[in-house]
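No lab work stands behind these numbers, since they all come straight from the coordinates. Since the structure is predicted, the reported quantities are computational estimates derived from the model, not experimental observations. Cβ coordinates were reconstructed from backbone atoms using ideal geometry, including for glycine residues, and neighbour counts include every protein chain displayed.
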Amino acid sequence: MRIILFGPPGVGKGTQAKLLMEEFESVHISTGDLLRDAVKRQTPLGVKAKQYMESGNLVPDEVVIGLIEEVLDSERARNSFILDGFPRTVAQARALDQMFERMGITLDGVMSLRVDHDEVVRRLNNRRMCRTCGRIYSLDKLKGLDATQCRSCGGELYHRDDDKPETVKHRLEVYLKSTKPLKDFYRQTGRFVQIDGMQEIGYVHKMILDWVYRSRGPNAAS
Ligand code: AMP
């Protein structure tokens, strides 16, 4: 399975990608996670990306395109992947098309998740991430439970700086200006599907699976 999960910050791309990754044994390629890791390790790329990420701006196209190219260099990733948070500009989408052509990759589809603006702000304000493994939690689901430690690896849960309301407002503006226009780009491919991200996580997952199985037929589980 080779798909792109598309939508604004906080729509649930990361959560859905992790569920799909388990189901299909796909490689989850999140440019946000890759960049956060580079920032944490203070690599030259991380040092370059940090200021853009902190201010809620997009990291320059050539940087993220280079990152994706490196990841898709592995056969395992090329065979089955879920792209989460990439592409985010038309230039990135065009570069990705060229990469696919060069590597002989056919995309199964682009799944666009949609949620209301207020819900995005609420979700990001409630989102907590594990510093060690990147697992995502919502304070909604942690009511009365320990909201400081990751259930999977014991790492520390934190509220991302760019998930705080001041930066979220700017990230949403950036989404509207630079990323949303990609919908038209992908609509033309005939492999674009809109999914209601306001629904429960399990329901959204089921809708994605329905689409994958319907579009790929009996061989979808690969
Ligand atoms: P995310 O975890 O996907 O919300 O990404 C966090 C931040 O990483 C974004 O606000 C951007 O600063 C940066 N980033 C992630 N993916 C991209 C991308 N495809 N293009 C440019 N910047 C990105």
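Go ahead and estimate [θ] at 222 nm for the chain from helices alone: -39,500 (n - 2.57) per DSSP H run with n ≥ 4, summed, over the residue count, rounded to 500. Taking each H run of at least 4 residues, the total per residue is -14000 deg cm²/dmol.
Within region 139-222, the GluC sites (Glu not before Pro) that combine a DSSP coil assignment with at most 10 other C-beta atoms in a 10 angstrom radius are GLU200. I need the Kirkwood Rh of region 144-222: take the reciprocal of the average 1/r across all distinct C-alpha pairs and report it in angstrom. So the Kirkwood estimate lands at 16.5 Å.
Here's how it looks for PHE6: its modeled amide H is under 5 Å from those of MET111, SER112, LEU113, which are all 5 or more places away or on a different chain.
DSSP assigns beta bridges within the chain; of those with both partners inside it, close to 25 percent run antiparallel. Note on the chain: semi-axes of the ellipsoid equivalent to its C-alpha gyration tensor, largest first and rounded to whole Å, are 25, 21, 18. Among the trypsin sites (Lys or Arg not before Pro) found in region 90-194, those both in a DSSP coil and sparsely packed, with 11 or fewer other Cβ atoms within 10 Å of their Cβ, are LYS141, LYS143. A protection proxy built from the mean count of other Cβ atoms within 10 Å ranks the segments 10-16, 72-78, 47-53, most packed first, as 10-16, 47-53, 72-78. Going down the list LYS50/LYS177; LYS143/LYS180; LYS48/LYS164; LYS143/LYS183, which pairs span over 29 Å between their C-alpha atoms? Those over the limit are LYS143/LYS180; LYS143/LYS183. Projected over every direction and averaged, the convex hull enclosing the alpha-carbon atoms of region 127-185 yields 5.3 nm².
Equivalent ellipsoid of region 1-67: semi-axes from √(5λ) of the C-alpha gyration tensor, largest first, are 24, 13, 11 Å. Sites listed here are chymotrypsin sites (Phe, Trp or Tyr not before Pro) in region 163-222 whose DSSP assignment is loop and whose Cβ has at most 16 other Cβ atoms within 10 Å, and the list is empty. Here region 36-161 was treated as a single set of alpha-carbon atoms; its pair distances binned every 5 Å from 0 give 2, 8, 14, 17, 18, 19, 13, 6, 2, 0, 0 percent.
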